[in-house]
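Report on the following structure.
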Amino acid sequence: MASFERVRPDELEYWNRRAETMPRQDLAEWQWRKLRRALERARKQSKFWSERLPDDIRSLDDYVARVPLLRKSEIIAAEQEAPPYGTLPSVDPSLGIRYHQTSGTSGDLPVRTFDTPHDWVWGVDVWCTVLYGMGVRPQHKGLVAFGYGLFIGFWGMHYGLERMGCTVVPAGGLDSRTRVKLLVDHQIEVLGCTPSYAMRLLETAKEMGVDLAVDGNVQIIMAGGEPRPESTTRAISEGFGARVFNAAGTTEFGTVSMFECPSLHGGCHIIETAIIEEVLHPDTLRPVDYGEEGIRVTTGLGREGIQLFRHWTDDLVVKRPWHECGCGRTWDWYDGGILGRRDDMRKIRGVSVTPVMIEDVLRGFDEVGEYQTVLRTVRGLDTIVLRIEPKADGGLDLAALGERVSTAVKREIGIRPDVEYAEPGTLPRFEVKAARFHDERSG
Amino acid sequence: MNGRAELSADQEQRLLECHAALTRLADECEVPAVLTAVRMAATELQVAVEGQGLD
Ligand SMILES: [Zn+2]
C-alpha cells in the first residue's frame, strides 16, 4: 500500500505545471480533444483502424462503449499481414527514425513498432515529466544500465536525461563491475535500471568491497520495468542510500505512462495528458471502482505513427483518486504501480500465486543470493520448487535455511514449497523483466 | 529553469509564432543541413505547443 508525504505548496515543482495540475474537468476535455483528433487520424490513415473504429464517436463514454478491446494477438496478427508493421501504421513507416520490438516471450512473435521524429520527441518529453518529477535536474549525472538493444526499455530515459541537460553515461554492454566503478568514479546521482538489476549491482559492489551507500553518490534510482515487492525497494534504497522510484511503460504505447512522485511512496501517477487508462474486471470486462483490482486498458494520445486504442495490457492494477496524493498533480494513480501480469499468475492447489509474491518472501532472507521458482507436478500434485542459491559465505546450514524459507512461504502464501539448492553463481540473472515462474508441469 | 512557472499569455503567443515560422521555413527550404535542423526544431516546438494544450 502507498503511504504519503505532504509537500509544502511552495516546494511543488513540475516539468509542465499546466499539464500536471489542471483541474479534472479541464483534463477530461483535454483528453477528449486529443482522442477525437487521434481517432480522426487513425480512421483516415490506418487500414487496420479504419476497419475497426466507428466514424461518429461523440464522447469519451461513447468511445469506451463502442470501440472493441485490442488484444496483443490482434496487434501481432495485423503486423503479420505485411511484416513488420502490417496494416497498423497511420503514417508511411519510411518516416520512422527508430525501431523497437518486444522480447516476444512465451513463444509469441514480437510486437514491432517505429517512432516518427514527433513520436520520439513526444515520448522523451514524457520521460522528462517523470524524471523532473522525481527530482532530476540539469546539473545531475545519470547512468543508464540496460542493454541498449531492440527493447525500448530505458532508451527514453537516456534521451530524457540528455534533453534535460544532464550528463548521461550510456552503460550498455558493460559488466556489473565496470558499472559499479563508473557509479563511484563519476559520483553519479541518477541511476536507471530494473529492480533486479539494482540488486545485482549491490551484490557486485559488495564483492568488490565497495559500499555504494558510502562510496557512491546515487540519490535517485529509476527502477522500472517490472513489478517488485516493497522488500526489494527497501533493500535497494538502503544499499544505495538513495530514493527508489517506480515507473512503467510499454513498447506498444511508446514511452513511460506512469511514475512515482516524491510524495507517493509505493504508487504511480498515470500521465493522463498522454494516456487514457481504464481499469476493467478481468472476466466481466466492466469498469471497476477506485480501490478494486482490475486490468488496465490503455489509449495513447501522443503517438502519430502507430496508434493504440483500448489496448488490453494484462497488467493488474488498483486505481486511486488523484487528491489522495499531496503533490498537487491532478492525475489519478495506481497503488503499488503494476502489481503483476495476469498471465504470470498461476493457480497452485487453488491459490493464485505471482512471482512478486514469492520474491517478497525470499528477499527477507539475507542468506539467499538468487533463486528460481519452478512449478512442477510431484506425485500428481502441483508443487512450488524453490531453487535457492545461497550467498557464498560458507558455513551455512542449508537444511535449516531451507526449512525456514519453506515455513515462511507457507505462512505468507499458504503453500509449502520444496527447496533445492544451486551452486553460487549458477542461476540465471535478469537485466530486464522479472524472473517468471519456470513451469515444468505436465499438461 | 523553474518548476513552479507557467507560460504567460505573451509567451504563449510567441511560442505559436515561432512554431509557425519554423514550419513555413521547413516547407520552403531545400538545403539539407538547414532543412533538417529547422524540421527538428519545428518538431520540438510542436511537442511544446501540444504540451501546453495550444494545438
Ligand atoms: Zn503525487
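Tabulated values for the structure
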{"quantity": "Filtered residues of segment A:329-345 (kept if away from chain B (no Cβ under 14 Å), within 16 Å of the ligand (Cβ to nearest atom) and open to solvent by less than 10 Å² (accessible area, probe 1.4 Å))", "calculated": "A:W331, A:D332, A:W333, A:Y334, A:G337"}
{"quantity": "Where A:I348 falls short, out of the listed (1) open to solvent by 20 Å² or more (accessible area, probe 1.4 Å); (2) in contact (Cβ under 8 Å) with a residue 40 or more places away in the chain; (3) away from the ligand (no atom under 16 Å from the Cβ)", "calculated": "(1)"}
{"quantity": "Odd one out for A:V111 among (1) assigned by TED's automatic domain parsing to the domain that holds A:N16; (2) open to solvent by less than 20 Å² (accessible area, probe 1.4 Å)", "calculated": "(1)"}
{"quantity": "Selection count where residues are in contact with a helix residue (DSSP H, G or I) (Cβ under 7 Å, 6 or more places away or on another chain), open to solvent by 70 Å² or more (accessible area, probe 1.4 Å) and within 12 Å of chain A (Cβ to nearest Cβ), scope segment B:5-54", "calculated": "3"}
{"quantity": "Number of the exception - A:I57 against (1) modelled with pLDDT of 95 or more; (2) within 13 Å of chain B (Cβ to nearest Cβ); (3) open to solvent by less than 90 Å² (accessible area, probe 1.4 Å)", "calculated": "(2)"}
{"quantity": "Test: A:H100 is of a type outside the set (K, R), touching a residue at least 60 places away in the same chain (Cβ under 8 Å), open to solvent by less than 50 Å² (accessible area, probe 1.4 Å) and assigned to a strand (DSSP E or B)", "calculated": "yes"}
{"quantity": "All positions within segment A:104-152 that are among the polar types (S, T, N, Q) and farther than 17 Å from A:V169 by Cβ", "calculated": "A:T105, A:S106, A:T113, A:T116, A:T129"}
{"quantity": "Checking A:G156 against (1) under 18 Å from A:Y99 (Cα atoms); (2) away from chain B (no Cβ under 14 Å), the condition it does not meet", "calculated": "(2)"}
{"quantity": "Single residue of A:R286, A:R303, A:R310, A:R296 found to be within 14 Å of chain B (Cβ to nearest Cβ), within 28 Å of A:E51 (Cβ to Cβ) and away from the ligand (no atom under 14 Å from the Cβ)", "calculated": "A:R303"}
{"quantity": "Single unsatisfied condition, A:G326 versus (1) more than 14 Å from chain B (Cβ to nearest Cβ); (2) modelled with pLDDT of 95 or more; (3) open to solvent by less than 20 Å² (accessible area, probe 1.4 Å); (4) within 16 Å of the ligand (Cβ to nearest atom)", "calculated": "(2)"}
{"quantity": "Single residue of segment A:218-242 satisfying the filter (charged (D, E, K, R) and under 17 Å from the mean Cα position of the chain (by Cα)) that is farthest from A:H100 (Cα to Cα)", "calculated": "A:E230"}
{"quantity": "Residues that are away from the ligand (no atom under 14 Å from the Cβ) and within 14 Å of chain B (Cβ to nearest Cβ), drawn from segment A:219-274", "calculated": "A:G254, A:T255, A:T273, A:A274"}
{"quantity": "Output for segment A:82-110, where each listed residue is modelled with pLDDT under 95 and under 21 Å from A:L53 (Cβ atoms)", "calculated": "A:A82"}
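The values are calculated or read from the model by the stated rules, or taken from the named source; none is laboratory data. Keep in mind the model is a prediction, meaning the values are calculated, not measured. Reconstructed Cβ throughout: ideal geometry from the backbone, glycine too, with neighbour counts over all protein chains shown. Please note that ligands, DNA and RNA were not included when accessible areas were found on the heavy atoms of the full protein model with its side chains. Shrake-Rupley method; radii C 1.70, N 1.55, O 1.52, S 1.80 Å.
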